[in-house]
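The structure appears below as structure tokens.
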Amino acid sequence: MNDSTNLSPELIQAYRETHYRVEGMEPFTLMVGQVSAEVLKAFAKRGLKSCAFVTACNPYSIALKPEENTILERKLNLHLTAQGLSHTPGEGVHPSNGWPGERISLVWGVSEKNALKIVKAFQQNAFIWVGEVGVPELILLR
């Protein structure tokens, strides 16, 4: 994680506390800092060693209207598909702060460097990276 940041401690804490839910046939939830048996199982099944949660919603954590976020989410999905990246939809939901859930995509097999490029292109503050040990990490960009 980047030790030098312009983000407030409260925002960083909110990112850490958020539940990152993966949808699909076998839904599961990821938490920052907690090993995920489901991700490790998916890595083994898919022959992968990494994934990342990315979003295009609410750039720089500035709340947009739902219809604006829907457009951004579609653009992100098109971007991921154009890059040939397999992705599963999901939602990031904080358990208690009242911030509306954000649509996210779990991008399978993406490198940390490529995930960084993607979230920068969509003006995000951070993303969740999961390496081969299956522990989600918060990666700050600003």
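The values are calculated or read from the model by the stated rules, or taken from the named source; none is laboratory data. In this text the structure is predicted, and so the values were computed from the model without any measurement. So basically every Cβ, Gly included, is an ideal-geometry build from the backbone, and we count neighbours across all protein chains shown. For accessibility, only protein heavy atoms count, side chains too; no ligands or nucleic acids. Shrake-Rupley method; radii C 1.70, N 1.55, O 1.52, S 1.80 Å.
With +1 on each Lys and Arg Cβ and -1 on each Asp and Glu Cβ, and nothing else charged, work out how big the dipole of the chain is about its Cα centre, in Debye to the nearest 20.
Dipole of the chain, to the nearest 20 debye: 420 debye.
Around Gly101, under 13 Å between beta carbons, what's the net of Lys plus Arg minus Asp minus Glu among the other residues?
Combined, the nearby Lys, Arg, Asp and Glu give -2.
Using a 1.4 angstrom probe, figure out how much accessible area the chain has per residue, in square angstrom, rounded to the nearest whole.
Spelled out: the 1.4 Å probe surface of the chain, per residue, equals 55 Å².
Please report the projected area of the chain's Cα convex hull averaged over all directions, in nm².
8.0
Lysine pairs, Cα distance under 23 Å, 8 or more residues apart or cross-chain: how many in the chain?
Here the count comes out as 9.
With every protein chain left in place, what is the accessible area of Ser8 in Å² (1.4 Å probe, nearest 10)?
50
Accessible area of the chain with a 1.4 Å probe: how many percent of it is carbon plus sulfur?
54
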